[in-house]
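Just so it is clear, none of the values below were taken in a lab; they were calculated from the coordinates. All values derive from a computational prediction rather than experimental measurement. Using ideal geometry, Cβ is built from the backbone for each residue, glycine included, and neighbour counts are taken over all protein chains shown.
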Amino acid sequence: MKIFIDTADVKEIKRLNSIGIIDGITTNPSLIAKEGRNFEQVVKEITSIVNGPISAEAISLDAEGMITEAKKLSKIHKNIVVKIPMTSEGIKAVRVLEKEGIKCNVTLVFSVTQALLAAKAGASFVSPFVGRIDDIGKKGMDVVKDIIETYKNYDFKTEIIVASVRNLEHVKEAGLLGADIATIPPQIIDEMFKHELTDKGIKKFLEDWDKVKSK
Ligand code: G3P
C-alpha cells in the first residue's frame with residue numbers, strides 16, 4: 001500500500017519524508033488555509049521535497065474554470081495531480097484533462113456510484129472520504145471495499161486513495177482490503193510506528209545491556 005501524507009505542512013512533510021516511506025502528498029483548500037501561506041508557493045515547495053504524486057485542488061465549480069485552473073496547476077511540476085470535486089461539472093473536466101495527460105484525483109467521494117463515474121471518466125485517482133462517512137453513521141471502509149470490488153469487475157485502472165483517515169483502524173482496514181493508497185495525517189503516521197511492547201522491549205534490552213557492558 002502506498003502511503004501519502006494528508007497535509008500541507010512543509011515541516012511535517014520534510015520530517016516524515018526523510019524516513020523514506022512516503023509515496024505522495026494530498027492537500028485540500030482547508031489544509032492549505034491552515035498554513036496561512038500562498039497556495040502555489042506551498043505546492044511548489046512540496047514538489048521539491050517529495051518525488052511522487054502531489055494533489056492540489058481546483059476550487060472552480062464549473063468545468064471550464066476547473067480546466068483552466070488544472071492547466072495552471074499542472075505547470076507547477078510534472079508530479080501535480082489536480083483534485084477535482086465529484087460533481088457532473090467535475091467529471092466533465094476530468095474527462096478532458098485526463099485525455100490531455102493531466103492527472104486528476106476525484107475528491108469528496110462518498111459512494112460506489114460516484115466512484116464508478118470517476119473511473120468511467122478516466123480519473124487517475126479517486127478519494128473516498130472514510131472518516132466523513134463514519135461521521136454520518138455509516139461505515140466508510142465498507143464503501144472502499146465495494147469500490148475495490150466494482151473496479152475489479154471492470155478492470156478500471158483508477159487508483160483508490162483512502163482519504164479522511166482518522167485512526168489506525170482505517171489504515172489497517174485499507175491494508176487488509178488492498179486499497180492502492182492511504183493518505184494519512186502526520187500524527188496518525190507517527191502512531192503507526194508505535195507499540196507499547198516495542199517501547200517496553202527496548203527498555204528491557206537497554207537495562208540488561210547496562211548490567212553486562214562494564215564486564
Ligand atoms: O484527504 C481528505 C481529508 O483531508 C479530509 O479529512 O478529516 O477533514 O474529513 P477530514
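Which pairs in the list 44/152; 92/139; 78/152; 14/139; 11/44 are over 23 Å apart, alpha-carbon to alpha-carbon? Display every interim value, and only then the final one.
On the way: 44/152 35 Å; 92/139 29 Å; 78/152 29 Å; 14/139 33 Å; 11/44 14 Å.
Over 23 Å apart, Cα to Cα: 44/152; 92/139; 78/152; 14/139.
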Exercise. Which cross-chain or sequence-distant (5 or more) residues have an amide H under 5 Å from the amide H of residue 181, H modelled 1.01 Å from N in plane?
Worked result: 2, 160, 162
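Net charge within 15 Å of residue 97 by Cβ-Cβ distance, Lys/Arg positive one each and Asp/Glu negative one each, not counting residue 97 itself?
Local net charge: +3.
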Seminar exercise, completed: P(r) of the stretch 1-149 over all Cα-Cα pairs, 10 Å bins starting at 0, rounded to whole percent, reads 12, 40, 37, 12, 0
Exercise. Which ³J(HN,Hα) values, rounded to whole Hz and listed in residue order, are derived for the stretch 88-96 from phi using the Karplus coefficients 6.51, -1.76 and 1.60 in 6.51 cos²θ - 1.76 cosθ + 1.60 with θ = phi - 60°, glycine and proline given as x?
Worked result: 5, 5, x, 5, 4, 5, 4, 4, 5
Problem set entry | Highest-fluctuation residue, 74, 18, 164 considered, GNM on the chain with Cα pairs under 10 Å | 18
Seminar exercise, completed: Given unit charges at Cβ for Lys, Arg (+) and Asp, Glu (-), the dipole magnitude of the chain about its Cα centre in debye, nearest 20, is 500 debye
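Subtract the Cα-Cα distance of residue 176 and residue 211 from 0.36 nm times their separation in residues, and report this length gain in nm to one decimal.
Numbers: separation 35, 0.36 × 35 = 12.60 nm, distance 4.23 nm.
That pair, residue 176 and residue 211, stretches by 8.4 nm at full extension.
Please work out how much length the chain gains when fully extended from residue 49 to residue 199, using 0.36 nm per residue of separation minus the C-alpha to C-alpha distance, in nm with one decimal.
Extra length available between residue 49 and residue 199 comes to 51.0 nm.
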For this session: Using a Förster distance of 30 angstrom, determine the FRET efficiency expected from the C-beta separation of residue 155 and residue 14, and round it to 0.05.
Result: 0.20
